[in-house]
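Here's the structure we're looking at; comments come further down.
The values are calculated or read from the model by the stated rules, or taken from the named source; none is laboratory data. The structure presented is a predicted model; accordingly, all values stated were derived computationally and were not measured. Ideal geometry is used to build each Cβ from the backbone, glycine not excepted, and the neighbour counts take in all protein chains shown. To get the accessible areas, we keep the full protein, side chains included, count just its heavy atoms, and leave off ligands, DNA and RNA. Shrake-Rupley method; radii C 1.70, N 1.55, O 1.52, S 1.80 Å.
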Amino acid sequence: MLRPAHARVLDALLPLDLDREYGPDDPFRWVGKDNYSIDQEMIAPINVCAPGFGASVRAGHVFQLRAVAALAERGVCQFVVIGCGYPRERNVGSVARSIISAASVLYLDDGMIVSAYGLALLDTETRYLRADLDDPYSILAAIEHTRLRPGGIEPSRPVALVFGSLVLERLKDPTTVIAELVAAFPSGYLAATHVCTDADTEADTVVNVATVYTEYHLTMRPRTTAEVAALLAGVELLEPGLTVAQDWKPAPTTKSGEASERSSLAALGAWGGTQ
């Protein structure tokens, strides 16, 4: 029997076009194109018990792209996306290369179908590999696999680690994963989002979502702001620090969102003297 999968559920939570404003009754408001009816079945109770959650996830996803643009403008040219999910038309690679045409981008995911699909869709200069996201050594092995190949990741230069949407929430031990990855590179950046139980959101929003995930045999571990900050203890957070995703260097057109839409925290950190 087919069950929901993390990458497909994320796809169902996000609109196909991240830049388009959808009306509240638009049937395509929160539906991507790479999911099945079972994934949409799971999303239905989330939209009822936590109607602002999709907007929170979208805000976190858009933050990642803003962070990548900010890093590329600083001259960072190596990006590793950990738990990338199905690619959108506007993605880390397209944003980075719009600023630095020779930027190296590596996408990692633990889903075989996701990896195969990404390879088929993305340009030939982008690498898309499978890795166990719970195992930092599996992630590092995948990165090392590209090192001597054209467009590969060179560990001696600053690397930007971008954790995909709703990835840290499903890892068994995200603290260790982050710590081991940061320790493996002399310098770099880390961009991360995490849904939170005590941000500006309504108290039950994320707890209700986690309950639905459990009912469908998927993992979602919401955390408090203090717990999320502890995950990032090994990096120096850049301004404006750990904040609600909509508030991280917002564009003039960015909407702050209703309270129920502000459950995603975001942060960009650095280590090894990079600022």
Cβ pairs under 8 Å, 6+ apart or interchain, first in the stretch 176-201 and among the β-branched types (Val, Ile, Thr) and modelled with pLDDT under 95, second in a helix (DSSP H, G or I) and open to solvent by 10 Å² or more (accessible area, probe 1.4 Å), ordered by first then second residue, are 197/207; 201/259; 201/260; 201/261
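Answer with yes or no whether residue 93 is over 30 Å from residue 188 (Cβ atoms) and modelled with pLDDT under 95. Let's see the steps before the verdict.
Numbers: over 30 Å from residue 188 (Cβ atoms): no; modelled with pLDDT under 95: yes.
Judged against the criteria, residue 93 is not a match.
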In the stretch 228-247, how many residues are at pLDDT below 95 and either in a loop (DSSP other than H, G, I, E, B) or surrounded by fewer than 16 Cβ atoms within 10 Å (Cβ to Cβ) (or both)?
2
Subset of the stretch 200-227 [farther than 20 Å from residue 39 by Cα and buried (at least 23 other Cβ atoms within 10 Å of the Cβ)]
201
Please pick out the residue among 66, 90, 58 that is more than 20 Å from residue 143 (Cα to Cα), assigned to a loop (DSSP other than H, G, I, E, B) and out of contact with any Gly (no Cβ under 8 Å at 6 or more places or on another chain).
90
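Just to be sure, is residue 123 closer than 23 Å to residue 194 by Cα, of a type in the set (Asp, Glu) and either at pLDDT below 95 or open to solvent by less than 50 Å² (accessible area, probe 1.4 Å) (or both)? Step through it out loud before you land on a result.
Details: closer than 23 Å to residue 194 by Cα: no; of a type in the set (Asp, Glu): yes; either at pLDDT below 95 or open to solvent by less than 50 Å² (accessible area, probe 1.4 Å) (or both): yes.
Spelling it out, it is not the case that residue 123 is closer than 23 Å to residue 194 by Cα, of a type in the set (Asp, Glu) and either at pLDDT below 95 or open to solvent by less than 50 Å² (accessible area, probe 1.4 Å) (or both).
Does residue 162 fit the bill of being buried (at least 16 other Cβ atoms within 10 Å of the Cβ), of a type in the set (A, V, I, L, M) and assigned to a strand (DSSP E or B)? Reasoning before the result, please.
Details: buried (at least 16 other Cβ atoms within 10 Å of the Cβ): yes; of a type in the set (A, V, I, L, M): yes; assigned to a strand (DSSP E or B): yes.
Yes: the conditions hold for residue 162.
Applying the selection to the stretch 93-110, what residues are within 23 Å of residue 8 (Cα to Cα) and either part of a strand (DSSP E or B) or touching a strand residue (DSSP E or B) at 6+ places or on another chain (Cβ under 6 Å) (or both)?
93, 105, 106, 107, 108, 109
Go through 190, 181 for me and flag whichever is farther than 29 Å from residue 47 by Cβ, part of a strand (DSSP E or B) and open to solvent by less than 10 Å² (accessible area, probe 1.4 Å). Steps first, answer last, please.
Numbers: 181 fails: part of a strand (DSSP E or B).
190 is the lone residue from the list that is farther than 29 Å from residue 47 by Cβ, part of a strand (DSSP E or B) and open to solvent by less than 10 Å² (accessible area, probe 1.4 Å).
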Which members of the stretch 65-93 meet the condition of being in contact (Cβ under 8 Å) with a residue 40 or more places away in the chain and surrounded by 24 or more Cβ atoms within 10 Å (Cβ to Cβ)?
67, 68, 71, 78, 79, 80, 81, 82, 83, 84, 85, 92
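When the residues of the stretch 248-266 are narrowed to those that are among the hydroxyl-bearing types (Ser, Thr, Tyr) and over 13 Å from residue 228 (Cβ atoms), which ends up least open to solvent (accessible area, probe 1.4 Å)?
Looking at the filtered set, the residue picked out is 260.
Give 34, 109, 26 a once-over and let me know the one that is touching a Cys at 6+ places or on another chain (Cβ under 6 Å), acidic (Asp, Glu) and at pLDDT below 95. Walk me through how you get there before you give the answer.
Working: 34 fails: touching a Cys at 6+ places or on another chain (Cβ under 6 Å); 26 fails: touching a Cys at 6+ places or on another chain (Cβ under 6 Å).
109 is the lone residue from the list that is touching a Cys at 6+ places or on another chain (Cβ under 6 Å), acidic (Asp, Glu) and at pLDDT below 95.
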Kindly list, by first and then second residue, each pair from a residue in the stretch 211-232 that is farther than 24 Å from residue 178 by Cα to a residue that is in a loop (DSSP other than H, G, I, E, B) and open to solvent by less than 40 Å² (accessible area, probe 1.4 Å), limited to pairs with Cβ atoms under 6 Å and residues at least 6 apart or on different chains.
216/4
Within the stretch 233-253, residues in contact (Cβ under 8 Å) with a residue 24 or more places away in the chain and among the β-branched types (Val, Ile, Thr) come out as 235, 243, 244
State whether the residues of the stretch 267-274 include one that is buried (at least 20 other Cβ atoms within 10 Å of the Cβ) and among the aromatic types (Phe, Trp, Tyr).
no
